[in-house]
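Encoded as structure tokens, the structure appears first; notes follow it.
Only the coordinates and a few stated rules stand behind these numbers; no lab work does. Owing to the predicted nature of the structure, the values given are computational and were not obtained by experimental measurement. With ideal geometry, Cβ positions are generated from the backbone for all residues, glycine too; neighbour counts draw on all protein chains shown.
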2 protein chains.
Amino acid sequence: MKGEFGFIDYIKKHFAGVAESNLVGIGDDCAVIPMGEQGDIVVTTDMLVEGVHFLRSEATPEQVGHKAAAVNFSDVAAMGATPIATFLSIALPKDAQGEWAERFVEGYAAISKQWGVPLLGGDTTGSLRDVAINVGVMGRVESGRALLRSGARVGDTIFVTGPLGDSGAGLKAMLEGTERTAEVEYLISRHHCPMPRLSEGRALGTTGLVGAMMDISDGIASDLRHILRASGVGAVVDLDLLPVSAQLEHVCSAEGWDKFALAASAGEDFELLFTAPAEIATLVDFPLYPIGRIVEGEGLEWRLGGAPIAFDKQGFTHF
Amino acid sequence: MKGEFGFIDYIKKHFAGVAESNLVGIGDDCAVIPMGEQGDIVVTTDMLVEGVHFLRSEATPEQVGHKAAAVNFSDVAAMGATPIATFLSIALPKDAQGEWAERFVEGYAAISKQWGVPLLGGDTTGSLRDVAINVGVMGRVESGRALLRSGARVGDTIFVTGPLGDSGAGLKAMLEGTERTAEVEYLISRHHCPMPRLSEGRALGTTGLVGAMMDISDGIASDLRHILRASGVGAVVDLDLLPVSAQLEHVCSAEGWDKFALAASAGEDFELLFTAPAEIATLVDFPLYPIGRIVEGEGLEWRLGGAPIAFDKQGFTHF
């Protein structure tokens, strides 16, 4: 929604003065609620609306169900936490109340079971026209160990956990009616079925080395700025270092798309973006991709072949 | 939605086998998640969709905001718990993104502040056509003290905390275009601005005498059956004892409406419905209304003037 952040500020202003002792509220991937020796509870919620977040003509019901859970699990992963319960609200117009709804549940239940997370409540209701879905997920992490956006330290390396741009390229292909080669289908599947980095988030958290962490929902060009602002630091990111899949490389070559722009700003990759000392890569058993470093100051500086490069809505352009 | 309970069963079936140790899941007013010495966490969530739950032409934005929070607070009250945080997701079509959204927040924030409950997260997004709102509320109660629907005991008195039928009569007046006398306006305001019985729920819980408790959302004719089934007991309810407001009495006389049918089945009163030994009335400082008693067996028997009376969709009819 246009002006989303302005509206959130309006909301926050109206809640000024309501007690939030020890609580991390609006502004991180999850809220954090301390529960003494039981650790910290983290909570996240996301709403998906037909016509805005998905089209019933493009995504299967199972894919919508998968993604509705996955994007919330990704927020829990970004705190270094483990999901312990989900809550599903769904508003269904008449033509989605039979098979569509049941297949949606199949997808939602499959990924929930994969991570052993029970569904503990929710709400089902009718809707005049569009499907609307809200998922809330509760997770748990050791006391004080939730990984926030505000912990980046100067000198830290900036990492991501996997290739960037696939999901955005898949969406672009759907919107532009790109020919459905096997590689294009792969990119589209990455858009419909993101895999939350829950194991990776936990493993990174237990190293004790991570400074700041979040998941990549809007693209690193936007998401990394949240970490920089919350931490009061700047960053330098090398475009040459952004991990991209062979499929993205090929499709970008064939279609004349800007792979750097897709990798940096297309969003919905749901990989983890975090900062830590470089040696963290020696402590985990999954690939990490260093893409830059945290520096003093503020703002995000892009480099290509060692030289600064400008980035705006049109993509990357040499100065 | 038609077939709501069938769909919920379908969902439950798909989650069979996912660990829920010590957890109360789908089927009570809130889920209950034990947190050791921190007590039990209760969680509830409700979705409101334009055209189904409210009309922007009938309710002010402030009223919609109030009600969205109030109906969830009522679920927390029904567990004998105290709300500690809310989470608000809202999907807004373009014509609701300015003033409507801000006034909605005013109403939501006002009732939240009244109970000192912080907003800790949520989601804002666009919508093609209809406003969709999801509110999640987390509450807390002493370990093992959450009041479930399954605790009714034979011999208990059945109580409600306030007058029944006002909200349903207000809705009926709006739908039928009833002349807006001051008394009709009062009933409509009871529909738009229900008051969650949070203080009453806590006070009742701390007596230690309550058997089963829930809030009245569908009308006692429907809601009490949930308690009876969950507890494996029956009930006798005296229509003469149902508390009704003077406004409802007058409007029903003037319009020829069945006050018993409204009080028993119109719903959305959000008073508390509970079972307890009769002496509980001597332990609290707010009015309680005994409406019947829990008996052995199953099912709900209605009485009027001491004689059994039949109730169906057409209202109450003598055998």
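Summary table below
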read-out	value
Cα gyration tensor, segment A:199-319 - rounded (a/c under 1.5), prolate or oblate	oblate
For chain A: relative contact order, % (alpha-carbon pairs under 8 angstrom, 6 or more apart)	21 percent
Gain upon complete extension [A:Ser199, A:Glu99; 0.36 nm per residue less C-alpha separation]	32.7 nm
Inter-chain Cβ neighbour average for residues B:87-94, partner chain, 10 Å	6
Residue exposure sequence - A:Cys30, A:Cys252 - by fewest surrounding Cβ within 10 Å	A:Cys252, A:Cys30
B:Ala278 paired with B:Thr207, simple spin-label distance in nm, labels 7 Å along Cα-to-beta-carbon	1.3 nm
Student exercise, segment A:47-181 dipole from Lys, Arg, Asp, Glu Cβ charges, in Debye to nearest 20	400 debye
Estimated [θ] at 222 nm from DSSP helical runs (n ≥ 4, -39500 (n - 2.57)) normalised by residues in chain A, nearest 500	-10000 deg cm²/dmol
Label distances, nm, B:Ala16 versus same residue in remaining copies, Cβ-directed 7 Å point	5.5
Restraint check, B:Lys67/B:Lys113; A:Lys12/B:Lys67; A:Lys259/B:Lys94, Cα-Cα greater than 22 Å	A:Lys259/B:Lys94
Test item: B:76-85 mean partner chain Cβ contacts at 10 Å	1
Rounded if a/c under 1.5, otherwise prolate or oblate - segment B:4-141, Cα gyration tensor axes	oblate
Whole-Å distance, taken between Cα centres, linking segment B:192-237 and segment A:104-168	34 Å
Whether chain B is rounded, prolate or oblate, judged on the alpha carbon gyration tensor where a/c under 1.5 counts as rounded	oblate
Shielding by partners, peptide A:30-39 (average Cβ within 10 angstrom, other chains)	5
Computed label-point distance, nm, for sites A:Lys12 and A:Leu128 using a 7 Å Cα→Cβ extension	3.4 nm
Net charge, B:Gly234 excluded, C-beta distance under 9 Å - Lys, Arg +1, Asp, Glu -1	-3
Chain A: antiparallel DSSP beta bridges as a percent of all, rounded to 5	75 percent
Chain B - charge dipole about Cα centre, Lys and Arg +1 at Cβ, Asp and Glu -1, debye rounded to 20	480 debye
Separation of the A:Glu179 and B:Arg56 label points, Cα + 7 Å toward Cβ, nm	4.4 nm
Ordering of B:66-72, B:126-132 by packing [mean C-beta count within 10 Å, highest first]	B:66-72, B:126-132
Protection-proxy order for peptides A:184-190, A:300-306, A:254-260, each taking the mean of Cβ atoms within 10 Å per residue, highest first	A:184-190, A:254-260, A:300-306
Set of aspartates and glutamates near A:Lys13 by C-alpha distance (under 19 Å), chain-local residues within fewer than 8 positions excluded	A:Glu4, A:Asp28, B:Glu62, B:Glu99, B:Glu102, B:Glu106, B:Asp123
Radius 13 Å from Cβ of B:Gly170, net charge of other residues (Lys, Arg +1; Asp, Glu -1)	-4
